[in-house]
Amino acid sequence: MVRSVIRPSAVLGLLFVLSTLFVFYGVGVGQPNGPPFDTDDIADDSAALIGEQVETSGTVVETNPVVIEAEIDDGRTIKLTIENVPTVEPGETLLVTGELVDERIIGANTERTVVRKPWEVTYMYTISIIGAILVAARIANQWRFRPQEFVFEPRERTLFDRYVRGRSGRHDPGDEYDG
Amino acid sequence: MADLFTHILVGYVVVTALSWRWAWISPQLVTVAMVGSTLPDLNRIDLVLPDSTVEELLSLSFSWTPLHRAGGTLVMIAVGSLLVPKRLRRGVFALLLLGVGSHYALDFLLYKPAGVTADLLWPFTGRQFVIDGFYLSSDRWPAAVATVLALGAWAVDRVVTSPKHAVKNGDG
């Protein structure tokens with residue numbers, strides 16, 4: 001009886017610790033105080049950061065001069081004018097570092113600026129989703145969930161062996177591992 | 001983050017190679033390391049449920065970022081290892097840790113315009129490291145290289161784990 005309570009309690013305790021970390025990070029506990037200062041720092045108090053090194057990224061919304069829309073943690077966006085950048089098109093993403101020359105103007109370090117085409121962002125998310133599907137398929141194939149005990153355990157025969165090969169799976173040391 | 005596909009394949013390559021030395025690392029446990037390699041990117045939950053929405057709901061400062069920091073990931077590893085039978089716990093913990101380690105190793109090498117990493121080891125330290133990374137998460141070549149390595153590992157694994165090989169080495 002006691003043993004059946006220990007594990008759920010430990011999981012709940014760990015989730016509480018995790019929630020505490022979410023709040024602590026949200027408050028800013030123990031985080032670096034730049035430079036380079038980030039978009040949130042610029043949004044909070046850009047006047048105090050003039051002359052400091054900043055790093056930010058955002059979507060190009062104007063090209064003459066180049067203006068990006070950068071997202072901050074609370075979901076809002078701020079517009080920043082970027083100087084010294086290569087030719088860009090609206091919709092492209094800029095990753096820049098440089099000096100904050102005025103409250104909403106960054107003098108970018110041209111050599112270190114990255115320009116991302118919209119399709120590159122689409123690629124990044126698409127290939128990531130493919131990866132997630134790959135892992136989900138391996139889990140479903142090799143592991144099963146036992147709701148009564150709330151545990152995942154290795155299948156004795158993988159779904160692939162059972163339904164595609166239609167024969168016994170190979171001997172699986174994982175079933176006997178006693179670590 | 002590098003793209004998730006690259007993270008997963010690199011996790012697969014590393015743990016598959018280790019399974020040739022340590023036989024207890026079964027195919028199921030290889031998958032556990034691959035799961036570990038995805039754990040830090042659970043912070044992308046913010047695409048569905050932004051920090052600002054949670055803050056409004058709870059009236060508290062809130063950030064999902066710790067999921068992509070050493071402290072939050074360690075807690076997730078501990079939770080994960082409690083979700084398997086006791087006999088598997090230590091192995092699952094070790095392999096989740098391995099997957100997570102490979103994830104952070106790749107992320108430390110990401111190119112950042114200012115040349116310093118994020119505070120990935122938070123809350124143990126808020127330190128940012130000066131590392132001039134050499135790839136972006138939107139680059140295509142890391143996934144291509146990882147795919148070639150993974151196919152190579154898979155092919156070698158087929159030979160190493162074949163019954164014929166086991167007999168030849170006196171394991172059968």
Review point. Over all residues in B:130-141, what is the mean tally of Cβ atoms on other chains that come within 10 Å of each residue's Cβ?
Key: 3
Study note, to complete from the structure: chain B, Gaussian network, Cα under 10 Å: of B:ALA150, B:ALA114, B:ALA105, the residue fluctuating most is B:ALA114
Practice item. Could you work out which residue, out of A:GLU156, A:GLU92, A:GLU120, moves most in a Gaussian network model of chain A, that is, has the largest mean-square fluctuation with Cα springs under 10 Å? Key: A:GLU156
Point to revise | A versus B: buried accessible surface, summed, Å² (probe 1.4 Å, to nearest 100) | key: 5600 Å²
Revision key, fill the gap. Rounded to the nearest Å, the spacing of the alpha-carbon centers of segment A:104-139 and segment B:52-107 is 22 Å
Review point. Can you give the angle from 0 to 90° between the axis of helix A:2-27 and the longest principal axis of chain A, with both taken from C-alpha atoms, to the nearest 10?
Key: 10 degrees
Check your understanding: How big is the protein assembly as shown on each of its three principal axes, counting only the C-alpha atoms and giving the largest first in Å?
Key -> 71, 48, 33
Exercise for review: Please work out the average accessible area per residue across chain B, using the 1.4 Å probe convention, and give it in Å².
Suggested key: 45 Å²
Revision key, fill the gap. Rounded to whole Å², per residue accessible area for segment A:1-112 with a 1.4 Å probe reads 55 Å²
**Study point:** In segment A:50-142, the trypsin sites (Lys or Arg not before Pro) that fall in loop regions by DSSP, at most 10 other Cβ within 10 Å
**Key:** A:ARG76
Review point. Among A:LEU14, A:LEU80, A:LEU100, whose mean-square fluctuation peaks in a Gaussian network model of chain A (Cα, cutoff 10 Å)?
Key: A:LEU14
Revision key, fill the gap. The local net charge around B:PRO40, scoring Lys/Arg +1 and Asp/Glu -1 for residues other than B:PRO40 whose Cβ lies under 11 Å from its Cβ, equals 0
Revision key, fill the gap. Toy charge model, Lys and Arg Cβ at +1, Asp and Glu Cβ at -1: the protein assembly as shown dipole around Cα centroid in debye, rounded to 20, equals 2820 debye
Exercise for review: Would you calculate the volume per residue, in Å³, of the smallest convex hull containing every Cα atom of segment A:39-116?
Suggested key: 73 Å³
**Study point:** Between 0 and 90°, nearest 10: helix B:4-21 axis offset from chain B longest Cα axis
**Key:** 40 degrees
Study note, to complete from the structure: Carbon and sulfur atoms account, in whole percent of the 1.4 Å probe accessible area of the protein assembly as shown, for 61 percent
Practice item. Would you tally the net charge around A:VAL88, using a Cβ to Cβ cut-off of less than 11 Å, leaving A:VAL88 out, and scoring K and R as +1, D and E as -1? Key: -1
**Study point:** Degrees separating the helix A:118-142 axis from the principal Cα axis of chain A, which is the longest one
**Key:** 10 degrees
Review point. When the helix-only estimate is applied to chain B (DSSP H runs of n ≥ 4, each -39,500 (n - 2.57), divided by the residue count), what is the mean residue ellipticity at 222 nm, nearest 500 deg cm²/dmol?
Key: -18000 deg cm²/dmol
Revision key, fill the gap. Length-normalised contact order of chain A, Cα under 8 Å, at least 6 apart, in percent, tallies to 13 percent
**Study point:** Loop-exposed chymotrypsin sites (Phe, Trp or Tyr not before Pro) per DSSP, neighbour cap 16 Cβ within 10 angstrom, longest uninterrupted part of chain B
**Key:** B:25-110
Revision key, fill the gap. Only helices counted: for chain A, with every DSSP H run of 4 or more residues adding -39500 (n - 2.57) and the sum spread over all residues, [θ] at 222 nm is -11000 deg cm²/dmol
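The values are calculated or read from the model by the stated rules, or taken from the named source; none is laboratory data. Predicted, not measured: the structure shown is a model, and the values here were computed from it. Here Cβ is always computed from backbone atoms with ideal geometry, including for glycine, and neighbour counts include all displayed protein chains. Just the protein is used for accessible areas: all its heavy atoms, side chains included, with ligands, DNA and RNA removed. Shrake-Rupley method; radii C 1.70, N 1.55, O 1.52, S 1.80 Å.
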